[in-house]
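J.: Submitted below is the structure of interest, expressed as structure tokens.
The values are calculated or read from the model by the stated rules, or taken from the named source; none is laboratory data. Since the model is a prediction, treat every value here as computed from it, not as a measurement. All Cβ positions, even for glycine, are placed from backbone atoms using ideal geometry, and neighbour counts span all protein chains on display. With ligands, DNA and RNA removed, areas are computed over all heavy atoms of the protein, side chains included. Shrake-Rupley method; radii C 1.70, N 1.55, O 1.52, S 1.80 Å.
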Amino acid sequence: MVKNNKKPRLRFKGFTDEWEQRKLGELAQLITKGTTPLDKSNTGSINFIKIENINPDTGEIQTNNTISYEEHIGYLRRSQLLESDILFSIAGTLGRTAIVKNDILPANTNQALAIIRLKEGDLKYITTILRGKSVENFIKKNPTIGAQPNLSLEQVSNLLINYPKNEEQTKIGDFFYNLDNLITLHQRKYDKLLNVKKALLDKMFPKNQEKTPKIRFKGFFDAWEQRKLGEIAKSTIGEFIIKTKQKEDNLYPVYNGGTSYTGFYDAYNNEGNKILVSARGANAGFVNIVKTRYWAGNSCYSIDLVERKIYNIDFIYQEMKKNQSRFIDNQQAANIPSVSKTDVEKFEIIFPKFAEQEKIAEFFVNLDNLITLHQRECEKLKNI
């Protein structure tokens, strides 16, 4: 919206009228909330929606909690959900929004979610506005002080809604509804591919104490061998990072914990195509692979294979990534989790002959590229 809050900067063709501002309570026939069920066994037949069941980006509702039919029609009768109700979180996590669809009904909810039942206004448009910056800013300025952030039903009722004519509402609502569906589609593909990869890693690498995997590419039969990482690779800790030298955009990415680059240097201390292991802190043991030249900080190890004609770097990376929890699982309790050079060198690798390594590596590199594609598409659409 522009400064006078009467017209947006970007509009669909043919709309020129100024917008009104209306209180949400004027547009709703009902604004209420539920309460905590008496029976918390989660064994009933009625879906029970909590904040964590609502996807924060798309508003999709995932159902995994239930209450009894008796409570639904009795103690929790006030918060029985109807198709096209809007759910709006008002405790803890504020402003998470969803539309109730017929496929989750019958359903109920608790006191952390307000139920908004409209009498006028386009449902998709109002939901879009409730997810927008103006409501986000209101929430930041007006939470009730207490043990956790929360909004009262009165505050929800007083939310100001920028309100164009119905036809323009419908255009805007449909646009964002379709965009949310596209985000959901890519998110589902991303999640599905992650699950596929996890399942295939379990089946295409041998289990503990075994020498062959359950699934293999055609033509491979030999038992796999086992070595310690220190026998097949050199590991070196990085160098101290001077923060004032880092730039937002330059030649060589800087890694200091393995998870992702933290900036750029105009120099590098490692050639690319190496595996990184985070050395300390919350991400200790995190495994990554870097293909380009980079600067390694003093909180990560760079792993360089000694013989590239015997060991495939992408194959070794996939196995280390699959089992990265080993770096921390056997440690004694400590204030700061850490991985020593000894921990890296004694990490056990099981591997087949080079030709089979190449097949497995190529398969998972392609799968990772597909996962990254859907992840980036999701992020791009969310930014849009």
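J.: Taking the chain as a Gaussian network, where each spring joins two C-alpha atoms under 10 Å apart, which residue of Gln246, Gln187, Gln155 fluctuates the most?
T.: Highest fluctuation of the listed residues: Gln246.
J.: Please give every one of the aspartates and glutamates within straight-line cross-link reach of Lys353, meaning a C-alpha to C-alpha distance under 20 Å, and leave out same-chain neighbours fewer than 8 residues apart.
T.: Partners found: Asp202, Glu210, Asp222, Glu225, Glu231, Asp304, Glu307, Asp314, Glu319, Glu362.
J.: Mind computing the radius of gyration and Dmax over the alpha-carbon atoms of the stretch 145-281? Å is fine for both.
T.: Reported Rg and Dmax, both Å: 26.1, 72.
J.: Here is a further query. Taking loop as defined by DSSP and a crowding limit of 12 other beta carbons within 10 Å, which trypsin sites (Lys or Arg not before Pro) in the stretch 271-317 fit?
T.: Numbers: sites: Lys274, Arg280, Lys291, Arg293, Arg308, Lys309; in loops: Lys291, Arg293, Arg308, Lys309.
The qualifying sites are Lys291, Arg308, Lys309.
J.: Where is the GNM fluctuation largest for the chain (alpha-carbon springs, 10 angstrom cutoff): Phe240, Phe176, Phe354?
T.: Ranking Phe240, Phe176, Phe354 by mean-square fluctuation puts Phe240 first.
J.: Which value in nm describes the separation of the simple spin-label points at Asp17 and Lys141, placed 7 Å from the Cα toward the beta carbon?
T.: In this crude spin-label approximation the distance works out to 2.7 nm.
J.: Given labels modelled 7 Å from the Cα in the Cβ direction, how far is it in nm from Leu194 to Gln226?
T.: Each label point lies 7 Å from its Cα, and together they span 3.1 nm.
J.: Using only Cα positions of the stretch 45-102, each an equal point scatterer, no hydration layer, compute I(q)/I(0) via Debye at q = 0.22, 0.28 Å⁻¹ and quote the log10 values to two decimals.
T.: Result of the Debye calculation: -0.92, -1.26.
J.: Mean separation of Cα pairs under 8 Å and 6+ residues apart, divided by the residue count of the stretch 314-384: what relative contact order is that in percent?
T.: On the way: 20 pairs, mean separation 30.2, N = 71.
43 percent.
J.: Next question, about the same structure. Among the aspartates and glutamates, which have Cα under 13 Å from the Cα of Lys382 when same-chain residues fewer than 8 positions away are ignored?
T.: Qualifying aspartates and glutamates at Cα under 13 Å: Asp57, Asp180.
J.: Quote to one decimal, in nm, the extra length available between Lys245 and Thr342 on full extension: 0.36 nm per residue of separation minus the C-alpha distance between them.
T.: 31.8 nm
J.: Suppose a student asked you for the relative contact order of the chain, using Cα pairs under 8 Å spaced at least 6 residues apart; what percent would you report?
T.: For the chain, the relative contact order is 14 percent.
J.: Further, regarding this structure: Identify all lysines with a Cα-Cα distance to Lys234 below 18 Å; exclude those on the same chain that are fewer than 8 residues away in sequence.
T.: Filter leaves Lys274, Lys291, Lys309, Lys321, Lys341, Lys346.
J.: If I stretch the segment between Ile215 and Asn178 completely, what's the gain in nm (0.36 nm per residue apart, minus their alpha carbon distance), one decimal?
T.: 9.3 nm
J.: Another question, then. Using +1 at the Cβ of each Lys and Arg and -1 at the Cβ of each Asp and Glu in the chain, identify which of Ile116, Ile99, Val156 lies farthest towards the dipole's positive end.
T.: Projecting each Cα onto the dipole axis, the largest value belongs to Val156.
J.: Okay, next question. Could you state how much accessible area His72 has, in square angstrom rounded to the nearest 10, with a 1.4 Å probe and all protein chains kept in place?
T.: Roughly 10 Å² of His72 is accessible to a 1.4 Å probe.
J.: Sticking with this one: Who wins for biggest fluctuation among Asn208, Asn108, Asn137 in a Gaussian network model of the chain, springs between alpha carbons below 10 Å?
T.: Of Asn208, Asn108, Asn137, the Gaussian network model singles out Asn208 as fluctuating most.
J.: May I ask for the Kirkwood hydrodynamic radius of the chain, worked out over all distinct Cα pairs and given in angstroms to one decimal?
T.: With all distinct Cα pairs of the chain included, I get 25.0 Å.
J.: Sticking with this structure for a sec: Summing Lys, Arg as +1 and Asp, Glu as -1, what charge do residues with Cβ under 14 Å from the Cβ of Ile104 carry, Ile104 excluded?
T.: -2
J.: Within a Cβ distance under 12 Å of Leu30, other residues only, what is the Lys/Arg minus Asp/Glu net charge?
T.: Around Leu30, the charge tally is +3.
J.: Rolling a 1.4 angstrom probe over the protein chains, ignoring ligands and nucleic acids, what is the accessible area of Phe364 in square angstrom, nearest 10?
T.: Surface accessible to solvent at Phe364 totals approximately 0 Å².
J.: Within the set of other residues whose C-beta is less than 14 Å from the C-beta of Ile371, count the net charge using Lys and Arg as +1 and Asp and Glu as -1. Please list the in-between numbers first.
T.: Numbers: positive: Arg188, Lys189, Lys192, Lys197, Lys198, Lys321, Arg376; negative: Asp191, Asp368, Glu377, Glu379.
Within the 14 Å Cβ shell, the charges total +3.
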